[in-house]
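Q: Submitted below is the structure of interest, expressed as structure tokens.
The values are calculated or read from the model by the stated rules, or taken from the named source; none is laboratory data. These figures come from a predicted structure and were not determined experimentally. Heads up, the Cβs are rebuilt from the backbone with ideal geometry, glycines too, and the neighbour counts pull from every protein chain shown. Surface areas here come from the heavy atoms of the whole protein model, side chains and all, with no ligands, DNA or RNA. Shrake-Rupley method; radii C 1.70, N 1.55, O 1.52, S 1.80 Å.
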Amino acid sequence: PRHQGMAKNTNLRWRLPLVCLLWQVAMIVLFGVFVRFGAEADAHWEEEKREMNLTSDIENDFYFRYPSFQDVHVMIFVGFGFLMTFLKRYGFGAVGFNFLLAAFGIQWALLMQGWFHSFKDGKILIGVENLINADFCVGSVCIAFGAILGKTSPIQLLVMTLFQVTLFSVNEYILLNLLHVKDAGGSMTIHTFGAYFGLTVTRVLYRPNLEQSKDKQGSVYHSDLFAMIGTLYLWMYWPSFNSAISDHGDAQHRSAINTYCSLAACVLTTMAFSSMLQKKGKLDMVHIQNATLAGGVAVGTSAEMMLTPYGSLIVGAISGVVSTVGYVYFTPFLESRLHIQDTCGIHNLHAMPGLIGGIVGAITAAAATEDVYGKEGFIKAFDFTGVYQTRTPSIQGGFQAAGIVVSLLMAFVGGAIVGGILKLPIWGDAAAENCFED
Amino acid sequence: PRHQGMAKNTNLRWRLPLVCLLWQVAMIVLFGVFVRFGAEADAHWEEEKREMNLTSDIENDFYFRYPSFQDVHVMIFVGFGFLMTFLKRYGFGAVGFNFLLAAFGIQWALLMQGWFHSFKDGKILIGVENLINADFCVGSVCIAFGAILGKTSPIQLLVMTLFQVTLFSVNEYILLNLLHVKDAGGSMTIHTFGAYFGLTVTRVLYRPNLEQSKDKQGSVYHSDLFAMIGTLYLWMYWPSFNSAISDHGDAQHRSAINTYCSLAACVLTTMAFSSMLQKKGKLDMVHIQNATLAGGVAVGTSAEMMLTPYGSLIVGAISGVVSTVGYVYFTPFLESRLHIQDTCGIHNLHAMPGLIGGIVGAITAAAATEDVYGKEGFIKAFDFTGVYQTRTPSIQGGFQAAGIVVSLLMAFVGGAIVGGILKLPIWGDAAAENCFED
Amino acid sequence: PRHQGMAKNTNLRWRLPLVCLLWQVAMIVLFGVFVRFGAEADAHWEEEKREMNLTSDIENDFYFRYPSFQDVHVMIFVGFGFLMTFLKRYGFGAVGFNFLLAAFGIQWALLMQGWFHSFKDGKILIGVENLINADFCVGSVCIAFGAILGKTSPIQLLVMTLFQVTLFSVNEYILLNLLHVKDAGGSMTIHTFGAYFGLTVTRVLYRPNLEQSKDKQGSVYHSDLFAMIGTLYLWMYWPSFNSAISDHGDAQHRSAINTYCSLAACVLTTMAFSSMLQKKGKLDMVHIQNATLAGGVAVGTSAEMMLTPYGSLIVGAISGVVSTVGYVYFTPFLESRLHIQDTCGIHNLHAMPGLIGGIVGAITAAAATEDVYGKEGFIKAFDFTGVYQTRTPSIQGGFQAAGIVVSLLMAFVGGAIVGGILKLPIWGDAAAENCFED
């Protein structure tokens, strides 16, 4: 098997470059054909300003969203990258492959999401909001990567990225455009979809003999501190994540406050349950690194709604409990009974809190009233205009719930197919004894 | 003693969860009763905009302060958290407990500060400025944590947080509202108060037998690099800290510039004195990690005033000298003579530079003239309106000085009482031989 | 030689403090004479607003540029600082000396650039744009530091900083003011100049016996992860770097998008060539840490122009290839044949991509048409007003190309002179056996 492993690595020498270069050439061609600057990034902006009757450059969307974009960018590359460095001998793999798949994925996401949402006269017109959405889309791939961390070759990761970005965009289109669902922080589109997709893929790729490398799946002192860098950046910037593409003004402001509150509460219940469920009452670093973030996931859909600060505290508190309990009881169960090997525990951090987020969003939408939102605010918050003019809050709640179901279906079916594709023997699969090692 | 230590840890298993959960439930209830979105985060914003005659969403306070808020947020969680990771076997404790107490404290701070400053018709109305102020308040607890790092149980930390946030809010109310003092960067309210509070607490908790664990109080190579992450983030984002809640426009702009200048000068004098006071002329990592930041503390009060760039250089240069000399001479003196065990040296980084900051603020305010500020700028900078219409610069300087005295008194009296409470045998006190160890 | 080394260190005890303190006093005096707040940071801002007919504080340049400034600030101190921590025994030196020289350099840069660009009625009037430019200027010193990392004393670094900041400012003045060249992201002024300056200096300081310390020039596991922190922050924030001082509105927006695209493509081609050129097909951490950033350097001049997203992908893809090939083939060649010891490989990351950036900028400028930019946009983008009213795109392209040549000449001549000065035996030169060691 050692020889076989090396043979595979040797093949990698040609296959990875080939995939990367072919892909990059394809991207250049497609960008050349389709992608142009949107009106706010184009040199014709002066004329645009006049037409739109804007008096100042500060009205450019860049100034509304660029700080949030940068925070999201840090979450994707440093946040997810370092969160996964906890494995004692796979730190480079975690950060490096996360870097590779994200850089690969954002280009494809700009195209896929562009065709669905920013297509005009045969061109995709991009601006800062497209960059944020591309980062979001790739975020769902980073989540799925957490389930298969250390067990796949970089080529398998790239193939998964290609398909997952495609499916993400289709699912997002169904939710946002066909179902007219609100999901600014992506509880459904990013977390529920990404996590169940990744869990399905890792189930299909099940390796019974991974038990032997249990020791490599542990952490060491400094690898845990590196992982805390990832955790803290995700935790601190999550208010930017959930507010990045909300409507200008009160919606962005509100999303940030709700997320801030939810995350604070989540830390306390995570610490409480982590201490309670451990034999010696010591806090478990795995819980602190992961479950403290569940509060951000769980208000992803509802943060821009009038969830209220105390509503956010409740959601955050519950999600911290669910996530921590998940690490202690569900993860071992998933592995032993369902043969789902979930390296980073994304079921606890993204899947369950994502479902909570979808449900909380449906309830918050269904409970909306003109009294709470104001007449104009109500219409603006749910975009009840045009053909949706007559939609009521309870119907909106129903559609929100439908969005959860669609995301789950897309994740299971898509994950099964993509998992099957990844099993094909042409992608330079990693030998079992090389898993979790750089 | 080993048995006793374990017994204490076992108790922790129930006490920590209980404290966290009870606290979180209390927060949810109090937020439910009191906390609502302020006008700029509420869905009624469209109506508000019309009433306030605002033409654009960009006028929402979110866009004036959110980037600064995120920088402050990073300072509290990554900055203070990683600054304290230098202990070779207490990295998790530093980052993890800092995370716990900050998440715990910001909720209570939103309420306490809200009752004092944002209370209207029975409700606390919050926006991004409240989030910044809550982070600031918790910052003073992180400072005090630096003095007792490694010597207290998490429950003791939470109890201290509860009381310190309360006292901070009272002190802040006295300074800002009753004395009408300016202190945007918190030299007095955050640093002087936080540091002397923490020093008093650690004095009360004095443990003579800690000498034995001197070896654990050292650092190792990589723990020092982790600490540098904390240092640099504090250093880089300090201009945001001091400008985060200044008035819109020139005041925010000026605060950032003054702080930038002060910090640059502080690095040079710190390096100079660090090299001069070491036997072999080598730079001491402890000084580089801490004293380089004194310049940010020392312009906390005056940064938004017309301190001028060269004034900032002078203040920064002096504070670097004072802080470095403090590490070399004062810290050993405080420990051996006054029995104050100051793990992180907060006396040098926060207490003395905080005092300098208060004094510089008083002088800068007393020296203000209509000529330098302009007629309107003068009134706006010191808010000399309403009942304060007739206050002169020299009177303002006197009140600023009074603010220092009040902060010191609150810190000493409050610290003594809270230290006494923490000595009660019910909080799962850490055994001496477990100190400085995860 | 050991004795000699210690003697030198002992001298350092007095020389470093002396240099730092004298310098700081000089800065205070010069700032006192020359530096004042610009109109947007001065307390007279209310009057200024009225005069400029501005209706809102949000029009203050602070809100256009401060978020970008903070990102640039992180790049200089954490980005460059941690990128250089890869050496296994020189982590403190990398971060610490980078910190020292940058804090030292920004003060001098504020003065030098101020005299050239912000001088009015005998005073230098500063605002947030000056802070960004000072960071930029120091960035070029950080780049040059990469070539001599581990081989020079801190005093030599400070002397180099003093001269390099001066030369940078002169070169920048020639390019921006005399040649009227566009270079917002500094491909020419920052990267080409900084890198060739540093390479010339390291050539002059050539030490034949450094071969013996080859083992210290390697990395260890965790030092490579620290370096990845530097890499990722540079990579993520590069869109802010290239857009920080572009014109308000579309130009800032466009710069960020172009840089984002270029960097994404660069990651893929870097990974491809890194894998292809390694014997076992494994990715080389040195390439991932450095060559992935070449895409940001290579669009530094053209990012604010209508380079278009696909143009950016092409530039990024090419620069990744060039940079990676450089690490594999050019660096060994430079060392063995030309006696240029380039510790961090700045020739591959900054010099060659900087040249590419200058050339791409010249071509993009020469290819500009009123059709693509719009009539107003065309004039605004290249500032074809006043005496430059009649300049055509092709002439502008010629001047852009001239800017590359001037930058190279300044770097070679300046680097040779400064290298000669650094060879003088008065700066506490490090003994060869102490190189690459803290």
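Q: Considering (1) over 27 Å from C:Ala39 (Cβ atoms); (2) open to solvent by 20 Å² or more (accessible area, probe 1.4 Å), say which one B:Lys380 fails and leave the rest.
A: Exception for B:Lys380: condition (1).
Q: Taking only pairs six or more apart or across chains, which ones have beta-carbon atoms under 6 Å, a first residue in region B:289-316 that is of a type in the set (Ser, Thr, Tyr), and a second residue that is surrounded by fewer than 24 Cβ atoms within 10 Å (Cβ to Cβ) and modelled with pLDDT of 95 or more?
A: Final answer for the pair search is B:Tyr310/C:Ile28; B:Tyr310/C:Gly32.
Q: Just to be sure before I move on: is B:Val138 facing chain A (nearest Cβ under 7 Å) and either out of contact with any His (no Cβ under 7 Å at 6 or more places or on another chain) or modelled with pLDDT of 95 or more (or both) in the structure I sent?
A: It is false that B:Val138 is facing chain A (nearest Cβ under 7 Å) and either out of contact with any His (no Cβ under 7 Å at 6 or more places or on another chain) or modelled with pLDDT of 95 or more (or both).
Q: Restricting the search to region C:259-274, which residues are β-branched (Val, Ile, Thr) and under 16 Å from C:Ser240 (Cβ atoms)?
A: C:Thr259
Q: In the list A:Thr343, A:Thr331, A:Thr324, A:Thr364, which residue meets the criterion of being among the polar types (S, T, N, Q) and part of a loop (DSSP other than H, G, I, E, B)?
A: Matching residue, one of A:Thr343, A:Thr331, A:Thr324, A:Thr364: A:Thr343.
Q: Moving on to the next point. Here are C:Val95, C:Val128: which of them is touching a His at 6+ places or on another chain (Cβ under 7 Å) and hydrophobic (A, V, I, L, M, F, W, C)?
A: Result of the check over C:Val95, C:Val128: C:Val128.
Q: Specify the residue that is farthest from the other protein chains (Cβ to nearest Cβ); the eligible residues are those in region C:26-68 that are touching a Gly at 6+ places or on another chain (Cβ under 7 Å) and acidic (Asp, Glu).
A: C:Asp61
Q: Also: Can you find a residue that is within 7 Å of chain C (Cβ to nearest Cβ) and assigned to a loop (DSSP other than H, G, I, E, B) anywhere in region B:233-246?
A: No; the residues of region B:233-246 include none that is within 7 Å of chain C (Cβ to nearest Cβ) and assigned to a loop (DSSP other than H, G, I, E, B).
Q: Take the conditions closer than 19 Å to C:Glu172 by Cα and either among the β-branched types (Val, Ile, Thr) or at pLDDT 95 or above (or both) and apply them to C:Gly32. Does it pass?
A: no
Q: From the set of residues in region A:279-294 that are at the interface with another protein chain (Cβ under 10 Å from one of its Cβ atoms) and in a helix (DSSP H, G or I), which is modelled with the highest pLDDT?
A: If we take residues in region A:279-294 being at the interface with another protein chain (Cβ under 10 Å from one of its Cβ atoms) and in a helix (DSSP H, G or I), then A:Thr292 is modelled with the highest pLDDT.
Q: Starting from region B:250-270, keep only residues that are in contact (Cβ under 8 Å) with a residue 24 or more places away in the chain and more than 7 Å from chain C (Cβ to nearest Cβ), then list their pairs with residues that are open to solvent by 10 Å² or more (accessible area, probe 1.4 Å) and not aromatic (Phe, Trp, Tyr) whose Cβ atoms are within a distance under 6 Å, requiring at least 6 positions of separation or different chains.
A: That search, which allows pairs on different chains as well, returns B:Ala251/B:Glu304; B:Ser255/B:Glu304; B:Asn258/B:Leu307; B:Ser262/B:Val315.
Q: Any residue at all in region B:310-325 that's within 26 Å of C:Trp45 (Cα to Cα), facing chain C (nearest Cβ under 8 Å) and open to solvent by 10 Å² or more (accessible area, probe 1.4 Å)?
A: Yes, because at least one residue in region B:310-325 is within 26 Å of C:Trp45 (Cα to Cα), facing chain C (nearest Cβ under 8 Å) and open to solvent by 10 Å² or more (accessible area, probe 1.4 Å).
Q: Determine if region B:402-424 includes at least one residue that is assigned to a loop (DSSP other than H, G, I, E, B) and either more than 14 Å from every other protein chain (Cβ to nearest Cβ) or over 24 Å from B:Ile318 (Cβ atoms) (or both).
A: Yes, region B:402-424 contains a residue that is assigned to a loop (DSSP other than H, G, I, E, B) and either more than 14 Å from every other protein chain (Cβ to nearest Cβ) or over 24 Å from B:Ile318 (Cβ atoms) (or both).
Q: Let me ask you something else. Does at least one position in region C:258-270 carry a residue that is part of a helix (DSSP H, G or I) and surrounded by fewer than 24 Cβ atoms within 10 Å (Cβ to Cβ)?
A: no
Q: Residues in region A:116-127: is at least one closer than 25 Å to C:Thr269 by Cβ and modelled with pLDDT of 95 or more?
A: yes
Q: Here's something else I'd like to know. Suppose the filter is free of Cβ contacts under 8 Å to residues at least 24 places away in the same chain, among the hydroxyl-bearing types (Ser, Thr, Tyr) and open to solvent by 10 Å² or more (accessible area, probe 1.4 Å); does A:Thr331 pass it?
A: Against the criterion (free of Cβ contacts under 8 Å to residues at least 24 places away in the same chain, among the hydroxyl-bearing types (Ser, Thr, Tyr) and open to solvent by 10 Å² or more (accessible area, probe 1.4 Å)), A:Thr331 qualifies.
Q: Name the residue that is modelled with the lowest pLDDT, counting only residues in region B:152-205 that are part of a loop (DSSP other than H, G, I, E, B) and closer than 25 Å to B:Gly114 by Cβ.
A: Step by step, filter region B:152-205, then rank; the result is B:Ala184.
Q: If you don't mind, another one. Of the residues that sit in region C:78-89 and are over 16 Å from the mean Cα position of the chain (by Cα) and open to solvent by 10 Å² or more (accessible area, probe 1.4 Å), which one is nearest to B:Val74 (Cα to Cα)?
A: Going through the qualifying residues, I end up with C:Phe86.
Q: Do the conditions hold for C:Arg15, that is, is it more than 7 Å from chain B (Cβ to nearest Cβ), at pLDDT below 90 and within 19 Å of C:Phe163 (Cβ to Cβ)?
A: Spelling it out, C:Arg15 is indeed more than 7 Å from chain B (Cβ to nearest Cβ), at pLDDT below 90 and within 19 Å of C:Phe163 (Cβ to Cβ).
Q: If you check A:Met75 against the conditions, is it at pLDDT 90 or above, under 22 Å from A:Ile148 (Cβ atoms) and either open to solvent by less than 10 Å² (accessible area, probe 1.4 Å) or within 9 Å of chain C (Cβ to nearest Cβ) (or both)?
A: So A:Met75 fits the description; yes.
Q: Go through C:Gly96, C:Gly146 for me and flag whichever is open to solvent by less than 10 Å² (accessible area, probe 1.4 Å), at the interface with chain B (Cβ under 10 Å from one of its Cβ atoms) and small (Gly, Ala, Ser).
A: C:Gly96
Q: Quick check: is even one residue across region A:52-63 buried (at least 24 other Cβ atoms within 10 Å of the Cβ) and outside any helix (DSSP H, G or I)?
A: Yes: region A:52-63 contains one or more residues that are buried (at least 24 other Cβ atoms within 10 Å of the Cβ) and outside any helix (DSSP H, G or I).
Q: Applying the selection to region B:99-132, what residues are touching a Gly at 6+ places or on another chain (Cβ under 9 Å), open to solvent by 10 Å² or more (accessible area, probe 1.4 Å) and in a helix (DSSP H, G or I)?
A: If the condition is that a residue be touching a Gly at 6+ places or on another chain (Cβ under 9 Å), open to solvent by 10 Å² or more (accessible area, probe 1.4 Å) and in a helix (DSSP H, G or I), then B:Glu129, B:Asn130 are the ones that fit.
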